[in-house]
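These notes concern the structure reproduced below.
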Amino acid sequence: TWVPYTTYKGWSPYVQLEKPFGSLTLSGGVRYEFAELQVDDFTTIESAGNTLVRGGNPTFEEPLFNVGANWHVNPTLTLFGGFAQGFGMADVGRILRAINTPNKDVDDFISLNPVVTDNWEAGARVHGDGWRAGWSVFYSTSELGSRLVANAAGIYDVVRERTEIYGTEITGEKRVGRFGTLGGYVAVLEGRSDRDGDGRVDHRLPAANITAPKVAVYWDKSWTPRLNTRVQSLTLLNRDDPDHLSAGDFHGYTLVDVLATWPVSETQTLSVGIENVFDRRYIAYFSQTLTGASADDFN
């Protein structure tokens with residue numbers, strides 16, 4: 001058995017308030033997370049030493065807060081921003097299967113503690129006659145985040161450490177008369193972690209945690225009142241490996257899709273699509289960025 005059988009139960013009562021003050025709207029709330037993880041006694045696989053681990057029922061309770069603001073500066077411009085806390089579990093299966101120290105108890109294993117993140121976001125939205133655009137930035141940090149690390153066998157394990165993730169996104173759309181609508185977005189994500197435990201996040205997160213920069217473009221066109229089409233492309237840009245491993249470098253690619261929809265009745269729609277219409281041969285992002293002691297370009 002690769003990982004032990006686990007059961008996760010959670011519930012989260014919350015209260016959320018919102019109040020407009022003219023052109024300014026404020027919001028805030030609190031959510032309380034109650035969670036329990038149930039794991040029976042188990043023995044790890046051979047690569048982890050056939051280690052017997054005592055099961056348990058670790059429980060977690062965490063209050064999570066959020067506050068935000070939305071300001072309609074004028075009929076064209078809106079500014080927004082806020083702070084919110086998030087709650088999630090790390091990859092429990094990876095953590096449990098990697099225990100290789102005898103006499104461990106699931107109830108006391110700190111690596112099972114949940115990931116609680118503090119998230120800040122700010123941005124602006126503008127729109128006019130036949131066009132709209134937006135720009136946002138975000139920053140997220142966790143005192144006990146999770147980073148996926150490939151071991152010597154190329155299998156990813158979970159390392160718990162302080163992490164920071166940040167990024168930006170720009171979106172836009174323009175109606176071009178009878179030619180339809182053009183739009184797209186640019187999204188850039190990056191992150192760092194504290195690998196040596198000195199309290200500073202000073203090492204970039206690997207591809208298992210951070211996606212490559214993305215550029216997307218689309219063209220929507222209504223040929224008749226019933227026939228609508230979309231041509232879209234997604235470009236993943238290059239990203240070098242944080243540990244300077246050539247096998248972990250990502251060399252980007254562009255994929256183009258064509259989609260069409262035709263309502264055949266009030267309740268039925270026929271959709272037809274061709275993904276990767278130019279038959280681009282590519283290796284997916286996570287496959288290109290395999291890392292670890294045994295990783296090479298053949299992988």
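Matching residues to (1) crowded, with 17+ Cβ neighbours inside 10 Å; (2) assigned to a strand (DSSP E or B); (3) among the aromatic types (Phe, Trp, Tyr):
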{"site": "ILE165", "(1), (2), (3)": "yes, yes, no"}
{"site": "THR168", "(1), (2), (3)": "no, yes, no"}
{"site": "THR171", "(1), (2), (3)": "yes, yes, no"}
{"site": "ARG178", "(1), (2), (3)": "no, no, no"}
{"site": "GLY191", "(1), (2), (3)": "yes, yes, no"}
{"site": "GLY197", "(1), (2), (3)": "no, no, no"}
{"site": "ARG200", "(1), (2), (3)": "no, no, no"}
{"site": "PRO206", "(1), (2), (3)": "yes, no, no"}
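Specify the residue that is nearest to GLY183 (Cα to Cα); the eligible residues are those in the stretch 235-256 that are open to solvent by 40 Å² or more (accessible area, probe 1.4 Å), in contact (Cβ under 8 Å) with a residue 12 or more places away in the chain and touching an Asp or Glu at 6+ places or on another chain (Cβ under 8 Å).
Restricting attention to the stretch 235-256, the residues satisfying the condition of being open to solvent by 40 Å² or more (accessible area, probe 1.4 Å) are 237-238, 240, 243-246, 249, 251, 254.
With in contact (Cβ under 8 Å) with a residue 12 or more places away in the chain added as a condition, the list becomes 237-238, 243, 245-246, 249, 251, 254.
Now drop any that are not touching an Asp or Glu at 6+ places or on another chain (Cβ under 8 Å), which leaves 238, 246, 249.
Values: ASN238: 22, SER246: 35, ASP249: 30 Å.
So the residue we want is ASN238.
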* Say we look at the stretch 86-139 and pick out the residues that are among the charged types (D, E, K, R) and closer than 30 Å to GLY55 by Cα; which of these is nearest to the chain's Cα centre (by Cα)? -> ASP91
* To do: Inspect the stretch 230-252 for any residue being among the acidic types (Asp, Glu) and part of a strand (DSSP E or B) and give the result as yes or no.
  => no
* To do: Considering each of THR261, THR269 in turn, give the residue that is modelled with pLDDT of 85 or more, open to solvent by less than 70 Å² (accessible area, probe 1.4 Å), of a type in the set (Ser, Thr, Tyr) and within 29 Å of GLY134 (Cβ to Cβ).
  => THR261
* Applying the selection to the stretch 50-81, what residues are open to solvent by 50 Å² or more (accessible area, probe 1.4 Å) and assigned to a loop (DSSP other than H, G, I, E, B)? -> ASN50, ASN57, VAL73, ASN74, PRO75, THR76
* Structure fact -> So, first residue under 15 Å from ASN113 (Cα atoms) and open to solvent by less than 100 Å² (accessible area, probe 1.4 Å) in the stretch 1-17, second residue of a type in the set (Gly, Ala, Ser) and at pLDDT below 95, Cβ within less than 6 Å, six or more apart or across chains; the pairs are GLY10/ALA35
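The values are calculated or read from the model by the stated rules, or taken from the named source; none is laboratory data. Here the structure is a predicted model, which means the values were calculated and not measured. Don't worry about glycine lacking a Cβ; one is built from the backbone with ideal geometry, like all the others, and counts go over all protein chains shown. Just so you know, the surface numbers come from the protein's heavy atoms only, side chains and all, with ligands and any DNA or RNA stripped out. Shrake-Rupley method; radii C 1.70, N 1.55, O 1.52, S 1.80 Å.
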